[in-house]
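Q: Just passing along the structure, written as C-alpha cells.
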Amino acid sequence: MKARRTLLILLMSASYSAFAQQGAKPEDTEQWSPVPIKITPGKYMSTPPPSDAIVLFDGKNLDEWVSNADRDKPANWTVKGDLLTVNKAAGNIETKRMFTNYQLHIEWRIPANITGEGQARGNSGVFLASLGKGDPGYELQVVDSYENKTYVNGMAGSIYKQFAPLSNPSRKPGEWQTYDVNWLAPVFNEDGSLKTPARVTVAFNGIIVQNNTELRGPTQYIGQPSYSIKHGAAPIKLQSHGDKSEPISFRNIWIRELKN
Ligand code: MG
C-alpha cells in the first residue's frame, strides 16, 4: 500500500512537472523586488523541546529519519558534536513519521567559511510536507541571506518560488538561526479537488516572516504551482541541495502535533 501510494505520487509529480515545463523557464517565477527590509534579530535563543514534543533530532542519532530516495534505508547524514550536517552524496532525508498540522522548531547554521553566491550559497530547505523523491513538497527555503543577493522568493524564510519573507532577520554565516513553524496542511475533497489550501506561519530568529500565508500548491522550480496532488499526512524533509558550497548543519529539531 505504501509503495503504491509513493508510485502514484511520483507518476503524478513527474507528469505535472513535464507539463509545467513546456515553454516555461525557472526565471519566470523569480521575484526580485521589493527586497525585504533587513532586521537585526534579538539574542539567539534555543528553545528546548516541551514535554509533549516529539524530538526529531537531539544531537545523538537519526533514529527518527530515513532516506528520501528509499524510505527503507537509513538517513545517512553526519551526526557529530550534537549537530546534524548535510551529506550531499546521500541526498535528501525525511522523517519516518507522517504529520498533518503541527508546530515545528528547527535550528540551522550556514558554515562560517561558506562560499558561492545566490542560490548556490548554503542552500538547503525544510519541506513542510514531503510528497515523494527529490524535491516534491512545500519548501521553506534555507540559504545564506545575510549578505547574499538572490530573488526574494528564494531567500531564507521564503516559501520557495511563492512568497518572500516579510523581512530579513538573517544572521551571519557561522551563527545559529531558528525557524518556528506553524503548519496547517491542505485539505482535499474526495474527488481530489482542493477544499482548503495549506497555511503557514514562520518565525525566523523570532521574527514573523510568513504570517498565515496561504500556499498556492507544492513548490515548483519551473512553472506555476497548483494543488494537483491529493495527499494526507506526510513526512518532513530536509534538502540536500546540489550546489557546491559547504554543507550546512541542523540541531534541536522537535515537533508538536496540532489536533483540530
Ligand atoms: Mg532549498
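Since every read-out is calculated from the coordinates, none of them should be taken as a lab result. Since the model is a prediction, treat every value here as computed from it, not as a measurement. Methodologically, a virtual Cβ is constructed for each residue, glycine included, from the backbone with ideal geometry; neighbour enumeration extends over all protein chains shown.
Q: Among Asn148, Asn205, Asn68, which one moves the most in a GNM of the chain with springs linking Cα atoms closer than 10 Å?
A: Of Asn148, Asn205, Asn68, the most mobile in the Gaussian network model is Asn148.
Q: What are the semi-axes of the equivalent ellipsoid for the chain, taken as the square roots of 5 times the Cα gyration tensor eigenvalues, largest first, in whole Å?
A: For the chain, the ellipsoid semi-axes come out as 25, 22, 19 Å.
Q: List, in order, the whole-Hz ³J(HN,Hα) value for each residue of the stretch 27-35 obtained from phi through the Karplus relation with A = 6.51, B = -1.76, C = 1.60 and θ = phi - 60°; use x for Gly and Pro.
A: Calculated HN-Hα couplings, in order: 5, 4, 10, 8, 10, 10, 8, x, 7 Hz.
Q: Another question about this same structure. Using 0.36 nm times the number of residues separating Ile208 and Val35, minus their current alpha carbon distance, what extension gain do you get?
A: 60.7 nm
Q: Packing-wise, with mean Cβ within 10 Å as the measure, how do 55-67, 239-251 rank, highest first?
A: Ranked from most to least packed, the peptides come out as 239-251, 55-67.
Q: So how strong a dipole does the chain carry about its Cα centre when Lys and Arg Cβ are +1 and Asp and Glu Cβ are -1, to the nearest 20 debye? Walk me through the numbers before you get to the answer.
A: On the way: 29 positive and 25 negative charges, 52 e Å.
Roughly 240 debye for the chain.
Q: Among Ala89, Ala120, Ala233, which one shows the biggest mean-square fluctuation in a GNM of the chain, springs joining Cα atoms closer than 10 Å?
A: Top of the fluctuation ranking is Ala89.
Q: By how many nm would the segment from Glu117 to Asn189 grow when fully extended, if each residue of separation counts as 0.36 nm and the alpha-carbon distance is taken off?
A: Here the answer is 21.7 nm.
Q: Once both labels are modelled 7 Å past Cα along the beta-carbon direction, what's the Ala233-Lys25 spacing in nm?
A: 4.4
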